[in-house]
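> What follows is a single structure, and I will ask about it in a moment.
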Amino acid sequence: MISQHAENVKQSAIRKIFNISRTLDDVVNFGIGEPDFDTPAYIVEAAKKAMNEGYTHYTENAGFPELCELISVKLKKENNITANPKEEVLATCGGMGGLYLALRTLLDKGDEVLVPQPAWVNYESHISLSGAVMVPVRLEKERDFSLTSDLLAGYITEKTKVLLLNTPCNPTGRIIQEEELRKIACLTGSMGIYIVCDEVYEKFVWEGNRHFSIASIPEAHERTITVNSLSKSFAMTGWRIGFAAGSKEIISNMTKLQENIYACPSSISQKAAEAALGVESDDLDKMISAYTTRR
Ligand SMILES: Cc1ncc(COP(=O)(O)O)c(C=O)c1O
């Protein structure tokens, strides 16, 4: 018999429609969050080189130390997040892997997770797989889907363990401004609530807006797990490579889970990620500029 928790997990309707669309001709795909660019050539070449050089084995559970170092440098430079590459950083199987490990590491049965809505569909399944309960925080279209600490405060109970943020947000595109994030850091700090911040769309910011990482705020730093991925920014969705950063205690436990679920992200994808993060290239700018034109 299938377990209750497996039966309870929902399959995203987006995926169902996507699978049907693949069987039909003449369908325009407005579906899954998938850049229509190929992965930049220098990244693909780095992966081929890695395979030829024999990087085809298990790696450290947290990922190659060289990759963790590059992730740590990126987080400092672009997000002002300090993360020790040896114990506060983890390479994951996409942002999805990071989110799953983060939530499984923090949540117990009955815990509540605040999730501003509308939200990406998979959060709910990640939360229910941990036996926890998703508490939707309704954002209003009339208020531009803005999230405020005052609104959040009304949803907090003694069971609230985690606040799941997604900035920039899929599907609204909305970013949470620094000023509001500072208030949220204070609010959650006073209640001991952890924050999981999904930043996979950090490069997709327009109209003079600026992405800001809540983990760069000292009050939130120890309680925040930042989840990010190369899927969207580097058009690498199929490589399944991402990363997470957080306190030593949290990251060591996420690493332990990763060891027991899939050991490590693909060694080849990790080497590709090293090229993506470590080599200067204007491919990213070109993709963003094309998105801007289309927009
Ligand atoms: C908001 C959000 N977070 C995380 C992900 C996961 O992306 P990946 O696992 O490919 O890094 C997606 C994918 O669509 C997403 O939309």
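> May I ask for the equivalent-ellipsoid semi-axes of the stretch 17-116, computed as the square root of five times each C-alpha gyration tensor eigenvalue and listed largest first in whole Å?
29, 26, 15
> Let me ask something else. If you take the beta carbon distance between Val73 and Met1 as r and set R0 to 51 Å, what does 1/(1 + (r/R0)^6) give as a FRET efficiency, to the nearest 0.05?
Efficiency computed from Cβ-Cβ geometry: 0.55.
> Moving on. Which of the peptides 130-136, 256-262, 236-242 is most tightly packed, and how do the rest follow, judged by the mean count of other Cβ atoms within 10 Å per residue?
Going by the mean number of other Cβ atoms within 10 Å, highest first, we get 236-242, 130-136, 256-262.
> Roughly how many nanometres apart are two label points built 7 Å out from the Cα toward the Cβ at Thr82 and Thr23?
Here the answer is 5.6 nm between the modelled labels.
> Can you tell me the FRET efficiency between Met191 and Phe37 if r is taken as the Cβ-Cβ distance and R0 is 45 Å, rounded to the nearest 0.05?
0.60
> Extension gain Gln177-Phe30, at 0.36 nm per residue separation less the Cα-Cα distance, in nm?
Stretched fully, the Gln177-Phe30 segment lengthens by 50.1 nm.
> What list of ³J(HN,Hα) values in whole Hz, one per residue of the stretch 161-169 in order, does the Karplus curve 6.51 cos²θ - 1.76 cosθ + 1.60 (θ = phi - 60°) give from phi, with Gly and Pro shown as x?
My calculation for the stretch 161-169 gives 10, 9, 10, 9, 9, 9, 9, x, 8 Hz in order.
> Also, I was wondering about something else. Using a Gaussian network model on the chain with a 10 Å cutoff between Cα atoms, which of Ala245, Ala102, Ala263 fluctuates the most?
Between Ala245, Ala102, Ala263, it is Ala263 that shows the largest mean-square fluctuation.
> Express the relative contact order of the chain as a whole percentage, based on alpha carbon pairs under 8 Å and six or more residues apart in sequence.
26
> Give me Ile184, Ile20 ranked fewest to most by other Cβ atoms within 10 Å of their Cβ, as a rough exposure proxy.
The order, fewest Cβ neighbours first, is Ile20, Ile184.
> Could you identify which residue out of Phe64, Phe145, Phe18 has the top mean-square fluctuation in a GNM of the chain using Cα springs shorter than 10 Å?
Phe18
> Additional query: Working from the pairwise distances between different alpha carbons, so that the mean of 1/r is found and then inverted, what is the chain's Kirkwood radius in Å? Present the calculation step by step, with values, prior to reporting the outcome.
Details: mean 1/r = 0.0505 Å⁻¹.
That comes to 19.8 Å for the chain.
> Follow-up. I need Thr224, Thr105, Thr157 ordered by Cβ neighbour count within 10 Å, fewest first.
Going from sparsest to densest Cβ surroundings: Thr157, Thr105, Thr224.
> Using the charge dipole of the chain (Lys, Arg: +1 at Cβ; Asp, Glu: -1 at Cβ; taken about the Cα centre), state which of Val121, Ser213, Ile71 has its Cα farthest towards the positive end.
Val121
> Between the stretch 3-56 and the stretch 208-256, how far is it from one alpha carbon centroid to the other, in angstrom?
Taking the Cα centre of each part, the stretch 3-56 and the stretch 208-256 sit 21 Å apart.
> Roughly what % of DSSP beta bridges within the stretch 37-294 run antiparallel, to the nearest 5?
If I count the DSSP bridges inside the stretch 37-294, around 30 percent turn out antiparallel.
> Under a point-charge model restricted to the Cβ atoms of Lys and Arg (+1) and Asp and Glu (-1), what is the dipole moment magnitude of the chain relative to its Cα centre, in debye to the nearest 20? Present the calculation step by step, with values, prior to reporting the outcome.
On the way: 31 positive and 39 negative charges, 80 e Å.
Computed charge dipole of the chain: roughly 380 debye.
> Going highest first, how would you order 194-204, 118-128 by mean Cβ packing within 10 Å?
194-204, 118-128
> Rank these for me by crowding, Glu88, Glu178, going from fewest to most other beta carbons within 10 Å.
Exposure proxy ranking, most exposed first: Glu178, Glu88.
> Need the full-extension length gain, Leu284 to Lys109, defined as separation in residues times 0.36 nm minus the C-alpha distance. One decimal, nm.
Going from the current span to full extension adds 58.9 nm.
> So what's the back-of-envelope 222 nm ellipticity for the chain, counting only DSSP H runs of four-plus at -39500 (n - 2.57) apiece and dividing by all residues, rounded to 500?
-12500 deg cm²/dmol
No value in this document is a laboratory result; all are computed from the given coordinates. Quick caveat: nothing in here was measured; it's all calculated off a predicted structure. Virtual Cβ from ideal backbone geometry, glycine too; neighbours counted across all protein chains shown.
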